[in-house]
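Read-outs throughout are calculated quantities, based only on the coordinates presented, and are distinct from any laboratory measurement. All values derive from a computational prediction rather than experimental measurement. Quick reminder, even Gly has a Cβ in these numbers, built from the backbone with ideal geometry, and neighbours come from all protein chains shown.
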């Protein structure tokens, strides 16, 4: 209760100001990797440093497709910069639809901006809708990294989605979290993958991650034979061989962890003991975190290797 009052009285006024007037101004980089797709990447020296520190992948990006569809809305701190960028592109007058690939705050952090300035329809998987309509408080470090989110109305997405020139299949590919979706344009071979990939060997996860589902989703994505990958954290590939290799590398990494978990979980033990066996590493950070990863140290185990291991244990066949 004390934390809630401190957040309400001290942090919320501060974050409201920073959302429209960030202490370190943010800059948008706009690129067009293929005809019909515009990537909007918003960062500054602070986000760049934190990105490198947290594993080397960038803050979440937005994709403007065919001038009418926006895939994800980014993180709350970027509100003012995103608003200006869309206005400069003229997209604030053309966007009709927003798709949230999932409910994490760095991907739907500016839903309210889109609803206000464009009157767009915001779509998500039905499983993700309660999390977006009724956002719950998140851990302190997530507020610090990404900023606030606002409750908005969101509608369930259909199995397909069409723009003027493109036709997308909507694939429910959970694992990173429940209700995670990807958009696939079969004619072009485009896969807007959300956080299906993120980083090949990112072993620390939130508690809503599900390793077995993630492996199955990656296998489904590979079977689609995508020619281009548009990752929600800025990895863009336009070579089908490279796309397959990237997704397969991620899949193989998770399969290796699953095999290590099954091999080590032969008797009752604490999750800390199992994590030490599965991630048998000997650096200082591994020692201090009991092999749960440095992100576990700074997030109070909210973001940890143990979360991923637990998901494999839940799906492990009883012997």
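Among (1) 42, 32, 17; (2) 32, 25, 17; (3) 49, 21, 16, find the value of semi-axes √(5λ) of the Cα gyration tensor in Å that was calculated from the structure presented, and write down its label. It is the one labelled (2).
With neighbour counts taken as other beta-carbon atoms within 10 Å, the residues 129, 117 rank, fewest first, as 117, 129. By the count of other C-beta atoms within 10 Å, a proxy for reagent exposure, 29, 97 are ordered fewest to most as 29, 97. Counted by neighbouring Cβ atoms within 10 Å, the residues 72, 35 run from fewest to most as 35, 72.
Entry note, the chain: the mean residue ellipticity at 222 nm calculated from DSSP H runs of n ≥ 4, each adding -39500 (n - 2.57), is -11000 deg cm²/dmol after division by the residues and rounding to the nearest 500.
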